[in-house]
Amino acid sequence: MQLSSSDLNILLFISFVVFSSPYIAKITSLPILAVEIILGSIAGALGIITKTPAFSLASSIGFCYLMFIAGLEVSLKEFIKLKADELKKIFLFYFILYSLAISVALVLKLSLVVAIIIPVMSIGLISILYKDYEVTPKWLSFAMVLAALGEVISIILITLLNSFSHSSDLISVITSVLSIVFFLGIFVVIYYIFNAIFWWLPWLKEILMPDYDKAERNVRLSLALWMLAVALMLYFDFEIALGAFLAGMFISSFFGHKKDLEHKLSSLGHPFLIPIFFVYVGLSLDFSLVNYELIFMAFAICFTMLVCRLISSFVFYKDFKISCILVAFTTCMPLTLLIAIATLGKKLNLIDDSFYLALVLSSLIEAVLFMWVIPKISLLIETRKQKSR
């Protein structure tokens, strides 16, 4: 295989990003993926790297693996444990949130993709907040489950959006929706079948994923499921993000106790495959479009997403009192998934370059600002509680 000069430059630059981004992130106090996006945009602006077919393919693989890692952080068992009262409140929370999002899109005469973007959630950054507390607060544990469910909803909506964009008439749209519902139903049935199998034959888990194995069968099985899920999505013409995410959920649901497995799989993605996707995202940004209006738009997106969550979060006021606002802030950091949806929206020509750039900037602003604000608000609330006693 002969590499072009452009591909060679990309390979050299990716190696630089993979090595240097953690150090730059530590100096600047930015998330590593934010650094990777910024480095990609700078390299693109300077003409160091350009888009090539090989780079685009590698980026798609990185995105697919990112969704797989996201799925590893979500277990179906967490949803099954929820009580009826909790489910009612969660349903009401999402009903209010999506109603507000649709209203914003309709009032401002924006694309309905905005109604998917505003409520989007991801648990990637929430897990980092656990390090700030010796004892995990109840609101944080609940926010993790709430965001996990929101992430599942977001992935499903991405898939529906992709199906709608490829459907030319009403019958095609209905067929696409029914196909996705059928596929999700099959996934749930498979989950219960394997749950019964592993209950009757617990030793089967050890055979599939032994604790001590030089052949790394646990990693091999996980990657095989990931590739199988992606292949099925391509065959049925669904969004590959759904298959990758469900494959991660399947592994988390049955083998979540093997923390070393998640670490091994993450070690393959975060330092290697996933940075390629974020560098590609950075390369896609046209900073010639950056002006005061676009920066204002980015902050407006952050403000809208937060306000919608704040209003919806008062559903949980009886459970967490004023700490319910922390649930709103915590679920308002969908960094990776927001970028993923923005990328898909641009790919489907549902949003223009300016709005795409504003979404990426807003995702970075939320990650940096809210990660700093949440512990401060939490400390303030706890201090007031202690004074009132």
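Quick check on GLU134: is it open to solvent by 60 Å² or more (accessible area, probe 1.4 Å), modelled with pLDDT under 80 and outside any helix (DSSP H, G or I)?
Details: open to solvent by 60 Å² or more (accessible area, probe 1.4 Å): yes; modelled with pLDDT under 80: yes; outside any helix (DSSP H, G or I): yes.
The answer is yes for GLU134.
Please go through the stretch 205-248 and pick out each residue that is among the acidic types (Asp, Glu) and over 25 Å from PHE182 (Cβ atoms).
Those that are among the acidic types (Asp, Glu) and over 25 Å from PHE182 (Cβ atoms): GLU206, ASP211, ASP213, GLU216.
In this structure, does THR50 turn out to be touching a residue at least 24 places away in the same chain (Cβ under 8 Å), surrounded by fewer than 18 Cβ atoms within 10 Å (Cβ to Cβ) and farther than 15 Å from PRO275 by Cβ? Steps first, answer last, please.
Details: touching a residue at least 24 places away in the same chain (Cβ under 8 Å): yes; surrounded by fewer than 18 Cβ atoms within 10 Å (Cβ to Cβ): yes; farther than 15 Å from PRO275 by Cβ: yes.
Spelling it out, THR50 is indeed touching a residue at least 24 places away in the same chain (Cβ under 8 Å), surrounded by fewer than 18 Cβ atoms within 10 Å (Cβ to Cβ) and farther than 15 Å from PRO275 by Cβ.
Before we move on, is LYS109 among the basic types (Lys, Arg), more than 24 Å from LEU261 (Cα to Cα) and without any contact (Cβ under 8 Å) to a residue 24 or more places away in the chain? Don't jump to the end; show me each part of the working.
Values: among the basic types (Lys, Arg): yes; more than 24 Å from LEU261 (Cα to Cα): yes; without any contact (Cβ under 8 Å) to a residue 24 or more places away in the chain: yes.
Yes.
Which members of the stretch 226-251 meet the condition of being closer than 21 Å to ILE193 by Cα, under 13 Å from the mean Cα position of the chain (by Cα) and of a type in the set (Gly, Ala, Ser)?
ALA244, GLY248
Would you call MET305 open to solvent by 20 Å² or more (accessible area, probe 1.4 Å) and under 17 Å from VAL113 (Cβ atoms)?
no
Restricted to the stretch 224-257, and to residues that are more than 21 Å from GLU206 (Cβ to Cβ) and of a type in the set (Phe, Trp, Tyr), which residue is least open to solvent (accessible area, probe 1.4 Å)?
If we take residues in the stretch 224-257 being more than 21 Å from GLU206 (Cβ to Cβ) and of a type in the set (Phe, Trp, Tyr), then PHE245 is least open to solvent (accessible area, probe 1.4 Å).
Can you list the helices (runs of 4 or more DSSP H) found entirely within the stretch 293-347 that contain at least 3 residues being not hydrophobic (A, V, I, L, M, F, W, C)?
317-320, 335-347
I'd like the full set of residues that are surrounded by 11 or more Cβ atoms within 10 Å (Cβ to Cβ) and over 21 Å from the mean Cα position of the chain (by Cα), limited to the stretch 24-38.
So in the stretch 24-38, the residues surrounded by 11 or more Cβ atoms within 10 Å (Cβ to Cβ) come out as 24-26, 28, 30-38.
Within the stretch 24-38, ILE24, LYS26, THR28 qualify.
Anything in the stretch 347-382 that is of a type in the set (Lys, Arg) and modelled with pLDDT of 80 or more? List them, or say none.
LYS376
Assuming LYS376 fulfils every condition listed in (1) in contact (Cβ under 8 Å) with a residue 60 or more places away in the chain; (2) within 24 Å of SER29 (Cβ to Cβ); (3) charged (D, E, K, R); (4) open to solvent by 30 Å² or more (accessible area, probe 1.4 Å) apart from one, which condition is it?
(1)
The values are calculated or read from the model by the stated rules, or taken from the named source; none is laboratory data. This is a predicted model, so every value here is computed, not measured. Positions of Cβ are backbone-derived with ideal geometry, glycine not excepted, and every protein chain shown enters the neighbour counts. Calculation scope for accessible area: heavy atoms of the full protein, side chains included, ligands and nucleic acids excluded. Shrake-Rupley method; radii C 1.70, N 1.55, O 1.52, S 1.80 Å.
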